[in-house]
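All remarks here apply to the structure that follows.
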Amino acid sequence: MDRRSVIKNAGIAGVLAAGAAPVVHAQGATIRWRLASSFPKALDTIYGAAEVFAKKVGEMSGGKFTISVHAGGELVPAMGVLDGSSNGTVEMAHTAPYYFFGKDPTYALDCAIPFGLNSRQMTAWMYQGNGMKLLREFYANAGVVNFPMGNTGAQMGGWYRKEIKSVEDLKGLKFRVGGFGGKVLSKLGTIPQNIPGGEIYTSLEKGTIDAAEWVGPYDDLKLGFNKVAPHYYYPGWWEGGPQLSLYVNKKAYDGLSSEYKAIVEAAAAYAHTDMQAKYDIKNPGALKTLVGQGVKLHPFPKDVMAAAFKSAQEVYAELSASNPAWKKIYADYSAYRAEANLWFRFTEARFDSFMQSQKL
Ligand code: CA
């Protein structure tokens, strides 16, 4: 071994011993990063949250830290953004973590599980409960640092060509459903279908599927599902408060100055609040428009809700017995869910139900 390679190898060993310490950017350094979204540009609500974030980072850094936002499929496939941000193909990603439940169902706890936390409770668990701490430990295995970045609020239960009168009607139903809900629905005999947003309309129109859920009135109206399936059900019990997440490649994040780390954190929190606010402003008008166009609104029958709740508890017990990461995080999540609902059922729920029954 010549002298040069000895020095080179010693250098590598030194870096490895130090945990491959990244080069830290100087305060105020000019940097350009890329963010891969899982969503199409047409969804100004969900895709828009990443743009709101990037704009804020630019403003707070005086234009020195710029982030370009790319739609699903542009740099990496829509469902490939976890891998992309994990291996450093992109520095950042914005996604609905339950897309990755096939890798590990634990990812769904960073987004939504059937009969999970609502939007406000999810934010509380992340920012002030143990959610962030537990999920950061989990994401460290993927080399990703996660931040909450948006929530849709409780989603609708989707569009059905025929009425759902009882739990029996779910048997054999071909239903496009996002994320983790399919796991619970398949226990009730439903055949979950994984179809990208852009292809749902045609599948419903052709009758390849019997029903489909997407988000809620504002996004659903844009995709026109009401023209091919008139029955619109609520609530989307599999998505009571789905959270979107910002992923930052851990090495890239560790290389940011403390000033830029604070900017990323604050801009993500800003985009998080902004997205829920956008939905809360846009959904009421969209629902009125849909009803005006003849959409039939129905609550899910009680036996559907009860059977789905029961089958969800079975899925969670099975996962807690087989997956240690799920077991650890779900234990904390479900303990907080019980506490939060005990509190919310008093003054929040009473106030909301009184106000919602008034003529305003
Ligand atoms: Ca959905």
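Any read-out appearing in this document is the output of simple, stated calculations on the displayed coordinates, not a laboratory observation. Keep in mind the model is a prediction, meaning the values are calculated, not measured. Glycine also receives a Cβ, built like all others from the backbone with ideal geometry; neighbour counts cover every protein chain displayed.
Quote the charge dipole size of the chain about the Cα centre in Debye, to the nearest 20; the model charges only the Cβ of Lys and Arg (+1) and of Asp and Glu (-1). Could you put the intermediate results ahead of the total?
On the way: 39 positive and 32 negative charges, 27 e Å.
Around 140 debye, computed over the chain.
Give me V76, V24 ranked fewest to most by other Cβ atoms within 10 Å of their Cβ, as a rough exposure proxy. Can you show the working numbers first?
Values: V76 22, V24 13.
Ranked by crowding around the Cβ, least crowded first: V24, V76.
When averaged across all projection directions, what area in nm² does the alpha-carbon convex hull of region 48-152 cover? Kindly include the intermediate steps, with their values, before the conclusion.
Details: hull surface 28.8 nm².
Quarter of the Cα hull surface area: 7.2 nm².
Springs join every pair of Cα atoms under 10 Å in this Gaussian network model of the chain, and among V145, V248, V295 the largest mean-square fluctuation is at V295. Residues with beta-carbon under 13 Å from that of Y330, excluding Y330: net charge, scoring Lys, Arg +1 and Asp, Glu -1? Overall, the nearby charge balance is -1.
Averaging sequence separations of C-alpha pairs under 8 Å and six or more residues apart, then dividing by the length of the chain, give the relative contact order as a whole percent.
On the way: 608 pairs, mean separation 83.3, N = 360.
The normalised contact order for the chain reaches 23 percent.
Calculated translational diffusion coefficient of region 185-324 (37 °C, 0.692 mPa s; Stokes-Einstein with Kirkwood radius over alpha-carbon pairs) equals 178 µm²/s.
What ranking do 94-100, 262-268, 163-169 get when scored by the average of other Cβ atoms within 10 Å per residue, highest first? Walk me through the intermediate numbers first.
Working: 94-100: 24.6, 262-268: 18.7, 163-169: 15.1.
Result, highest mean first: 94-100, 262-268, 163-169.
Under Stokes-Einstein, with the Kirkwood radius over Cα pairs as Rh, the value for region 274-360 at 25 °C and 0.890 mPa s is 145 µm²/s.
For A286, the shell of other residues with beta-carbons less than 15 Å away shows a net charge of +1, using +1 for Lys and Arg and -1 for Asp and Glu.
Residues D210, D352 in ascending order of nearby Cβ atoms (within 10 Å, fewest first): D352, D210.
Within the chain, DSSP assigns beta bridges of which about 45% are antiparallel (rounded to the nearest 5).
Normalised size of the chain, defined as Cα radius of gyration per 2.2 N^0.38 Å with N residues, equals 1.07.
Would you order S357, S203 from fewest to most other beta-carbon atoms within 10 Å of each residue's own beta-carbon?
Details: S357 7, S203 17.
Listed from fewest to most nearby Cβ atoms, that is S357, S203.
The protection proxy used here, the mean number of other Cβ atoms lying within 10 Å of each residue, ranks peptides 283-289, 343-349, 211-217, 229-235 as follows, highest first: 211-217, 229-235, 283-289, 343-349. Using the Stokes-Einstein relation with a Kirkwood hydrodynamic radius computed over Cα pairs, the translational diffusion coefficient of region 109-221 at 37 °C and a viscosity of 0.692 mPa s comes to 206 µm²/s. The fraction of Cα-Cα pairs per 10 angstrom bin, counted from 0 for region 197-274, comes to 14, 32, 21, 20, 12, 1 percent, rounded to whole percents.
Show me 181-190, 125-134, 322-331 ranked by packing, highest mean number of other Cβ atoms within 10 Å first. Before the final figure, lay out each step's value.
Details: 181-190: 20.0, 125-134: 17.6, 322-331: 16.0.
For the peptides 181-190, 125-134, 322-331, the packing ranking is 181-190, 125-134, 322-331.
Each other residue within a Cβ distance under 15 Å of F309 adds +1 if Lys or Arg and -1 if Asp or Glu, for a net charge of +2.
Computed from backbone phi with θ = phi - 60° and the Karplus coefficients 6.51, -1.76 and 1.60, the 3J(HN,Hα) list for region 49-66 is 4, 5, 5, 4, 4, 4, 5, 5, 4, x, 5, 6, 9, x, x, 7, 10, 10 Hz; x is used for glycine and proline.
With all pairs of separate Cα atoms included, region 295-345 yields a Kirkwood hydrodynamic radius of 13.0 Å.
Against the main long axis of the alpha-carbon atoms of the chain, helix 347-356 sits at an angle near 50°.
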